[in-house]
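Inspection log for the structure reproduced underneath, given as structure tokens.
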Amino acid sequence: MSLWLTLAVNSIALGGLLFLLSAGFSLIFGLMRIPNLMHGSFFMLGAYFGVTFLERGLDFWLAALLSGVAMALIGGLIERFLLKRLSGQELPQVLLTLGFSFIIADLCLMIWTGDPWQPATPAELRGALQIAGLFFPLYRLVIVAVAVVVAIALWLLVDWTRLGAKIRAGVDDAPIARMVGIPVSRLFTLVFALGAGLAAFGGVIGAPYLSVYPGMDAEMLPLALIVVILGGIGSLVGAFVGSFVIGFLYNFGQAMFPDLAYVILFLPMVLVLVLRPQGLFGRGVS
Amino acid sequence: MKRRVPRFAAIGVAAVLLLTLPSWIANSYYVNIASQILLWAVAALALNVLVGYGGLVSLGHAALFGTAGYTAALLLQAGHGHFAADLAAIAFTLLVSAVFAVLSLRSTGIIFLMITLALGQILWGIAYRWASLTQGDNGVNVATRPQLFGISLATADAFYYAVLAVFVLAAISMAIFVGSPFGASLRGTRDQARRMNALGYNVWLIRFIAFLFSGFWTGVAGLLFVYYNQFISPQIMALQTSAEILLMVISGGTATLVGPIAGAAIVVVMKNVISAYVERWNLVLGVIFVLIISFMPDGLIPGTTRIWRHGWRALRARVALSRAGRAP
Amino acid sequence: MKIQRRTVLKGMLAASAAVAAPPFLRAQAQPAPFKIGLLTVKTGPLAQGGNQMEQGILTFLAEKNNTLAGRKIDFISADTGGNPAGAKTKAQELIERDKVNIILGPLAAFELLAITDYVRDNATPLMSIAAAEDVTQRKANPFVIRPSATSAQCCHAMGDYAAKELKFKRAITISEDFAFGYEQMAGFQHVFEDNGGKVVKKLWPPLVTPDYTPYIAQIGNADCVFNGFAGSNPVKFMRAYADLGVKYKIPLLAGWTAMDDALLKSLSDESVGVISAAWYSSETNTPSNKRFVEAMQKNYLTLPGGYSAGMYVAGQCVEAAIQALGGKADDRTALAAALHKVSLTDTPRGPVKFDQYGNVIGDVFIRRCERRGGQLVNTVIKTYPGVSQFWTYDEKAFLANPVYSRDYPPAKNLE
């Protein structure tokens, strides 16, 4: 009994973290029509920034926010000066992000060495929830709360502000949006920066849970990909729902079918792509 | 007509250099590097069929590469002869390519990319996890290389010539393919799929056959790889490998024949030779690719050809490498 | 914590300059330099261990002023990228292009397995810390020598300690789903069950597992959990083990990679109390270890662990072999034979000698992790002297059985 309860609660916790990872990815994919193959790198680099800030004694939440801001700047610069040169050419843009992921991975290795880092859980949030034989770390539930807050903030941004309306217009139909005067190119930069910042923020938040180590970019990226494919490209609701579905699939799948561990996540992804490419909540990608 | 003479001359010079390579490269280490360049060039040429001429970018080809290698290695270990093992390997790879094609050709563009990526990951996971079949991460050793017409391929030079022969066959078949009516219709499906459909061509079937052709040569390259290393392990089927082959194609130049060869040379030389002198070679490799993609999006060969002909200003001209690819 | 400047290039330049010096500048006719090639990993997820390997051998060579037994050393470092094809190519580079006298490394078992035939066919001795059992058992090869341990060498001791001294009866094993994990857990199970214990569950998370919770949640009723995680996985495993409260209910035992001394700086309170079995302890009281630890802390700001110690010891063995051969150290086959005969007492890991298969016979330390003066340390609580890869089993009987794997020894007590 306590096994299933632990798995269920952990599924929600993992889902929350996956949302922080995937929300940005979904927005970028929806608006710019490219799977950002350096998204995992943003997550990892952000986590490393967080590690350095924490080593300097910064408050945990401040470190996470600062890391997000720093990555947003970096993401914005990359978009503005490199991706934009290739505007309209999706394939080279995807490949550019792939090339950058190699660069960032090696830079992280150079600067932070190959040793793993795991910052301590923020002091006020240590401790565990003990109910019905279940012993569950409090911090992971806090991650869910953070994910919900971020989800609400993004929803307000996208559904209730003019900027959000412009983004939605760009996602729906970029050429027409341009024609009515929406500066889609500038939106690209903004959304890319926002996505990068969200990923980095998520990386720091996740660091006490997942630790920070070389190679985590290659582990996180497929998860973001699966969440967004399942939930639907460009849909925040889809990213939210998809994150929790994948959280459950991961936890229960690993426990019940350990031999299918690698397959358990990619098989549903193939099924979705083949049978319903727009995912649960998305619109199709042309 | 004027352009043909330099091109033939270039091919002639290259042929002479390649044929005599073991005599002017003294060290067997560099002969082995040349073998590696050529075998990866075959893989890159194979992927180029889909990417450059079909407009379909696959990130799952490492799975096909590895499937051929594993099939041959496991059959050899079970005691079968080289001929039987190789034949079975290619046949099985074609089967797997067909399955990949059926699943992924339901879409094009980014969705196609992601389906192939996912399929590649699934096969990698199987190679890793199904240890009772594949021996997992311990890998499979291949005791001997085959004998071609009684000549042992154990030495670097002999193996080099065998790889060169296969490479030449691959290059010729690619050239024939590209110049043929089928090649033209494949390019048609890349540039104007809807019109091709309207004209009565079976776009899906054309792409399917192209996928099989690509899978065939990818499998051949996989065989060359497993014979070169005499070892195979699941890592060869990871996403990293697919990405490297793709980068070879893209960096060299997608819709050319020489491009993938140049791309293969860049990657192999960086990984194996430059890495001896530059500690952060991975970083340099990433930077080179970013530069090539930023400034010469249709590849190094077409890009440098443009500089040669029109000077540095040509780089600033926008070149369209849309999903449709570049017209030859 | 920054990576130190690469000193290899400087060392190489110095060595090459010494070699290139025209004859009249040399004091007397000097023999050609003795070339040592290192196969290590500098890029990718395995770089942590690879860097440490290089640090270990560089520390040794620096201590000896780049001269071993009167021979000047030419040191060449090659990055395999952590994959078998890379290992093969770099091995070819070292042997065919650089013509090294001996190869140190590679790091990973799958890299070693890709090149054992090749080094044998090219008669080049190789000293690796890769743990693959069969390389010094059923598939032994006169050119491969291992100064560290087989996967199970320390785990046998752990099984013994857990059954006899800690009096545990029920154990659960958890380790990554690959050969190194299988072999470690099998070794533990073998000895643990032969001494009255029962392994009641075996968990195998994939090598790439972002979150260990689904596996830790399955840890039920047991006296102890034995883990063999490697690389950076032990850090997040132990954090999750503590976060989920299991740490306070079920003691955790570990293999050497899971609690390596070099990893201590990345760990924190959740590792306190973990008992591990390792073939290297930074606390060992030999003069060479004292020098070694001091140099590592000074130059690389880290406590050394098995990866670097293994290479330091390898260096010592190479020196001893060159010494034993006198002028004939360039005959690589003779060098391999001489390495087999090396027997040292003053090494960072204590006494070292090799069995007929090329695997080391040395001490295994049982340690407990504690906080001393605010730092985490692994305090040695018991030493098993002279442990061979076969533990106390009869060699022939051991080799007649299949190699340790996921299914061997068969787990008869699973619940």
Förster radius 25 Å - calculated FRET efficiency between residue C:337 and residue C:67 (Cβ-Cβ, nearest 0.05): 0.60
Which number do you get for Rg(Cα) / (2.2 N^0.38 Å) in the range A:82-181? 1.68
Gap in Å between the Cα centre of the range B:1-71 and the Cα centre of the range A:60-90? 37 Å
Between residue A:165 and residue B:106, Cβ-based FRET efficiency (R0 25 Å, step 0.05) works out to 0.15
Quick one: dipole size for the protein assembly as shown, taken about the Cα centre, charges +1 on Lys/Arg Cβ and -1 on Asp/Glu Cβ, in debye to the nearest 20. 2740 debye
Which value in deg cm²/dmol, rounded to the nearest 500, describes the helix-derived mean residue ellipticity at 222 nm for chain A, given -39,500 (n - 2.57) per DSSP H run of n ≥ 4 and division by the residue count? -24500 deg cm²/dmol
Based solely on its DSSP helices, what 222 nm [θ] is calculated for chain C when runs of n ≥ 4 H residues each add -39,500 (n - 2.57) and the sum is averaged over all residues, nearest 500 deg cm²/dmol? -10500 deg cm²/dmol
What distance in nm lies between label points placed 7 Å from Cα along the C-beta direction at residue A:59 and residue B:24? 7.0 nm
Please compute the Kirkwood hydrodynamic radius over the range B:136-211, one decimal place, Å, based on all pairs of different Cα atoms. 15.9 Å
Would you mind telling me which residue in A:116, A:35, A:208 has the biggest mean-square fluctuation in a Gaussian network model of chain A, where springs connect alpha carbons within a distance under 10 angstrom? A:116
Model label zone, residue B:277; criterion: amide N under 16 Å from point 7 Å along Cα-to-beta-carbon; scope the range B:230-262: none
List every residue whose amide H lies under 5 Å from the amide H of residue C:199, counting only residues 5 or more places away in sequence or on a different chain, with H placed 1.01 Å from N in the peptide plane. C:171, C:413
q = 0.08, 0.09, 0.12, 0.14 Å⁻¹, chain C: log10 I(q)/I(0) [Debye, one scatterer per Cα]: -0.41, -0.52, -0.92, -1.24
The range C:115-174, Rg to Rh (Cα coordinates; Rh as Kirkwood inverse mean 1/r): 1.18
Among A:41, C:95, C:159 - extreme Cα towards positive end, dipole of the protein assembly as shown, charges at beta-carbon: A:41
Cross-link partners of residue C:198 among aspartates and glutamates (Cα-Cα below 13 Å; sequence separation of 8 or more within a chain): C:160, C:223, C:415
Using just the Cα positions, wrap the range A:2-275 in a convex hull and report its mean projected area in square nanometres, one decimal place. 15.1 nm²
What Kirkwood hydrodynamic radius do you get for the range C:30-179 when you take the inverse of the mean 1/r over all pairs of distinct Cα atoms, in Å? 16.8 Å
Just to be sure I understand: if I project the alpha-carbon convex hull of the range C:264-415 onto a plane and average over all orientations, what area do I get in nm²? 12.6 nm²
Convex hull volume per residue for the range A:25-74, taking Cα atoms only, in Å³: 70 Å³
Counting sequence-distant residues (5 or more places) and residues on other chains, those with an amide H built under 5 Å from that of residue C:83 are none
Contour minus end-to-end for residue B:143 and residue B:84, with contour as 0.36 nm per residue of separation and end-to-end as the Cα-Cα distance? 19.7 nm
Evaluate E = 1/(1 + (r/R0)^6) for residue C:368 and residue B:199, where r is the Cβ-Cβ distance and R0 equals 56 Å; express this FRET efficiency to the nearest 0.05. 0.10
With 18 Å as the limit, write out which pairs from C:64/C:290; C:164/C:382; B:271/C:90; C:167/C:396 have Cα-Cα distances beyond it, or answer none. C:167/C:396
With every atom except the alpha carbons ignored, what do you get for Rg and Dmax of the range B:1-139, in angstroms? 19.1, 60
P(r) weight above 51 Å for the protein assembly as shown, C-alpha pairs, percent: 20 percent
Can you spot the aspartates and glutamates whose alpha carbon is less than 19 Å from residue C:99's alpha carbon? Ignore those fewer than 8 places along the same chain. B:157, C:74, C:79, C:117, C:121, C:319, C:330, C:331
Write down Rg/Rh for the range A:162-210, rounded to two decimals, with Rg from the C-alpha atoms and Rh from the Kirkwood relation over Cα pairs. 1.20
Any trypsin sites (Lys or Arg not before Pro) in the range C:110-202 that lie in a DSSP loop and have at most 12 other Cβ atoms within 10 Å would be C:167
Fewest to most Cβ atoms within 10 Å: C:284, A:161 sort as A:161, C:284
About the Cα centre of the range A:2-275, what is the dipole size in debye to 20, counting +1 per Lys and Arg Cβ and -1 per Asp and Glu Cβ, all else neutral? 700 debye
With unit charges on the beta carbon (Lys/Arg positive, Asp/Glu negative), name the residue among C:200, C:147, C:405 whose Cα is farthest towards the positive pole of the charge dipole of chain C. C:147
Out of every Cα pair in the range B:28-316, what percent are spaced more than 25 Å from each other? 47 percent
Using unit Cβ charges (K, R positive; D, E negative) and no other charged atoms, how large, in debye to the nearest 20, is the dipole of the range B:28-316 about its Cα centre? 860 debye
Theoretical ellipticity at 222 nm over chain B - DSSP helices of four or more residues, -39500 (n - 2.57) apiece, nearest 500: -23000 deg cm²/dmol
Positive-end residue of B:180, A:255, B:36, charge dipole of the protein assembly as shown with Cβ unit charges: B:180
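A short reminder: the numbers here are calculations on the coordinates, not readings from a lab. All figures in this text were calculated on a predicted structure; none of them were measured in a lab. Glycine also receives a Cβ, built like all others from the backbone with ideal geometry; neighbour counts cover every protein chain displayed.
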